[in-house]
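So the structure is just underneath, and the comments pick up after that.
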Amino acid sequence: QVQLQQSGAELAKPGSSVKISCKASGYTFTSYDISWIKQTTGQGLEYIGYINTGSGGTYYNEKFKGKATLTVDKSSSTAFMQLSSLTPEDTAVYYCALITTTDFDYWGQGVMVTVSS
Amino acid sequence: DVVLTQTPVAQPVTLGDQASISCRSSQSLVHSNGNTYLEWYLQKPGQSPQLLIYKVSNRFSGVPDRFIGSGSGSDFTLKISRVEPEDLGVYYCFQATHDPPTFGAGTKLELK
């Protein structure tokens, strides 16, 4: 069965970076883009961007350019998102997801990132 | 960015009732290819969002036919007939027609 397994919760200091992972299984990894979504109580769900798992090409929501960097390791079927120059506003749950606008849609369990000094 | 306005913010229901959620877009969601990429998700407490409906009215695998998506252009509705306990949670509409993709703010389906 299709699974997206995300890494564990992160506690980071302001100004630092974190890199979270999303390991895919149960399908051909390079067949679908992986999207990343941010969820906060205040702003709800926000679409960060996606990575083409075959070519490594990326799309970023303008709001997250310079904040998020998406990469992929095809050899391990894993996608990564690095968040840099962290501020308390980056405290959120981050999801990776297969959003294909078809009958193929799966989400990871989410990673809580807390930014605090 | 496209703004999706969901109403109501909260929908109190009695089990067995029908519920209806509206999602209105700040611009038409008809893509240049003719498709309308409007989806509905349900997020249950402590869980990730799960897809219910894609392209306005297509039910995702395993979604009961109690869930009916409809609408066109910039006006969409999700109807849930005969609400069951597992239907409780927050419903989000989502558009992928225009970049960046955007979500509505959510509608909480809760017991009266």
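The values are calculated or read from the model by the stated rules, or taken from the named source; none is laboratory data. Everything numeric here is computed off the predicted structure, so don't read it as measured data. Note: ideal-geometry Cβ built from the backbone for every residue, glycine included; neighbour counts use all protein chains shown. Ligands, DNA and RNA are excluded from the accessible area calculation, which covers all protein heavy atoms including side chains. Shrake-Rupley method; radii C 1.70, N 1.55, O 1.52, S 1.80 Å.
Brief remarks follow.
- Taking all protein chains together, B:D17, A:D90 sort by accessible area into B:D17, A:D90, largest first [probe 1.4 Å].
- Computed magnitude of the charge dipole of chain B (debye, nearest 20; Cβ of K, R +1, Cβ of D, E -1): 140 debye
- Looking at chain B, the accessible area is 45 square angstrom per residue; that uses a 1.4 Å probe and ignores ligands, DNA and RNA.
- Applying Stokes-Einstein at 37 °C and 0.692 mPa s to the Kirkwood radius of the protein assembly as shown, computed over alpha-carbon pairs, gives a translational diffusion coefficient of 181 µm² s⁻¹.
- Annotation note: GluC sites (Glu not before Pro) in the range A:35-100 located in DSSP loop regions with a Cβ neighbour count of at most 14 within 10 Å are absent.
- Accessible area that becomes buried as B packs against A, both chains, 1.4 Å probe, Å², nearest 100: 1600 Å²
- Additional length obtainable on full extension of the chain from B:L111 to B:D17, 0.36 nm per residue less Cα span: 32.8 nm
- Summed residue charge, Cβ within 12 Å of A:K38's Cβ, Lys/Arg positive, Asp/Glu negative: -1
- Solvent-accessible surface, computed for protein heavy atoms with a probe of 1.4 Å, shrinks by 20 Å² or more for the following residues of the range B:69-112 when the other protein chains are added to the isolated chain: B:Y92, B:F94, B:D99, B:P100, B:P101, B:F103.
- Taking the centroid of alpha carbons for each part, the range B:1-76 and the range A:18-34 are 26 Å apart.
- Accessible area of the range B:1-81 belonging to carbon and sulfur atoms, whole % at 1.4 Å probe: 46 percent
- Reduction of at least 20 Å² in accessible surface, 1.4 Å probe, comparing all protein chains with the chain by itself, residues of the range A:92-106: A:Y95, A:I99, A:T101, A:T102, A:D103, A:D105
- FRET efficiency estimate (nearest 0.05) - Cβ-Cβ, A:T87 to A:V2, R0 41 angstrom: 0.75
- Beta bridges from DSSP with both residues in the protein assembly as shown: antiparallel share about 90 percent, rounded to the nearest 5.
- Note on surface exposure: B:T36, B:T5 rank B:T5, B:T36 by accessible area, highest first, 1.4 Å probe.
- Among the listed pairs A:K65/B:K44; B:K55/B:K79; A:K63/B:K79; B:K79/B:K112, those beyond 26 Å (Cα-Cα): A:K65/B:K44; A:K63/B:K79
- Spin-label pair B:D99/B:S81, simplified geometry with 7 Å Cα→Cβ offset, distance in nm: 4.1 nm
- Carbon/sulfur fraction of accessible area - the range A:54-103, other protein chains in place, 1.4 Å, %: 51 percent
- Using C-alpha pairs under 8 Å with a sequence gap of at least 6, the mean separation divided by the residue count of chain B gives a relative contact order of 38 percent.
- B:I68 accessible area, assembled protein chains, probe 1.4 Å, Å²: 90 Å²
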